[in-house]
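A quick write-up on the structure given underneath.
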Amino acid sequence: MKSEPDDLSIDDLAAAPAQAFEWTGVRNYQARNYMRDLMQPGDRLLFWHSSCPRPGIAGLAEIVAAAGPDSSQFDPGSPYFDPRSDPSSPRWVSVSVRFVARTPLVSPAELRRHPALADMVVLRRGNRLSVMPVTVQEWNYLMEEVL
């Protein structure tokens, strides 16, 4: 899961390790579907800093609440407000995440140096989704060889 550090960083999660943070603002259908269909409480995730001077994996977090309505879609004061979203049938979902650990910052260039990670979705050119899957094999390799 990618986040701009100015919005939510691994340091923000680490400062409140018991707190669940709602992952709001995902407005891409494919990324929404990943959260809705693939993420379950207890799943671990790579916390990726994006749109910053030093992007890459910055830490680990876990899903603590399955997908439910994204509260920001109904808030007119939110930059993620969606006036077309109906509360009886919400268009957008969010999961809640909690801090697990900081990691050394691992840049996309560093990840590309590992042939075992060559097919990672996040490393594909032009892929800008904020939520992307990681295979079990990629996860295990990252935990054993990179992080």
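Near the amide H of Ser94, within less than 5 Å, lie the amide hydrogens of Gly68, Asp70, all on another chain or at least 5 residues away, with H placed in the peptide plane.
Just to verify a number: FRET efficiency for Arg125 and Ala65, C-beta to C-beta distance, R0 = 30 Å, to 0.05? About 0.35, to the nearest 0.05. In the set [x] 0.96; [y] 1.01; [z] 1.32, the label that goes with Rg/Rh (Cα atoms, Kirkwood Rh) computed for this structure is [x]. How far is the Cα center of the stretch 83-147 from the Cα center of the stretch 13-29, in Å? Here the two parts' Cα centres lie 14 Å apart.
For the stretch 1-86, averaging the sequence separation of C-alpha pairs within contact (under 8 Å, six or more residues apart) and dividing by the residue count gives a relative contact order of 30 percent. For the peptides 69-76, 49-56, 125-132, the ranking by mean Cβ contacts within 10 Å, running from highest to lowest, is 69-76, 49-56, 125-132.
Charging the Cβ of each Asp and Glu at -1 and of each Lys and Arg at +1, and nothing else, the dipole of the stretch 59-99 about its Cα centre rounds to 40 debye.
Across the chain, C-alpha contacts under 8 Å between residues 6 or more apart give a mean separation that, scaled by the residue count, equals a relative contact order of 29 percent. Using a probe of 1.4 angstrom and keeping all protein chains present, the accessible surface of the chain works out to 54 square angstrom per residue.
At full extension, Ala109 and Asn33 could sit 24.6 nm farther apart than now, given 0.36 nm per residue minus the alpha carbon distance. Here the Karplus relation 6.51 cos²θ - 1.76 cosθ + 1.60, evaluated at θ = phi - 60°, turns the backbone of the stretch 54-69 into coupling constants of 10, x, x, 5, 10, x, 10, 9, 9, 6, 10, 9, 5, 4, x, x Hz, with x for every Gly and Pro. Taking the protein heavy atoms of the chain in the context of the full set of protein chains, the accessible area attributed to carbon and sulfur is 48 percent at 1.4 Å.
The values are calculated or read from the model by the stated rules, or taken from the named source; none is laboratory data. What you are looking at is a predicted structure, and each value in this text was computed from that prediction instead of being measured. Don't worry about glycine lacking a Cβ; one is built from the backbone with ideal geometry, like all the others, and counts go over all protein chains shown. The accessibility values were calculated without ligands, DNA or RNA, using every heavy atom of the protein model including side chains. Shrake-Rupley method; radii C 1.70, N 1.55, O 1.52, S 1.80 Å.
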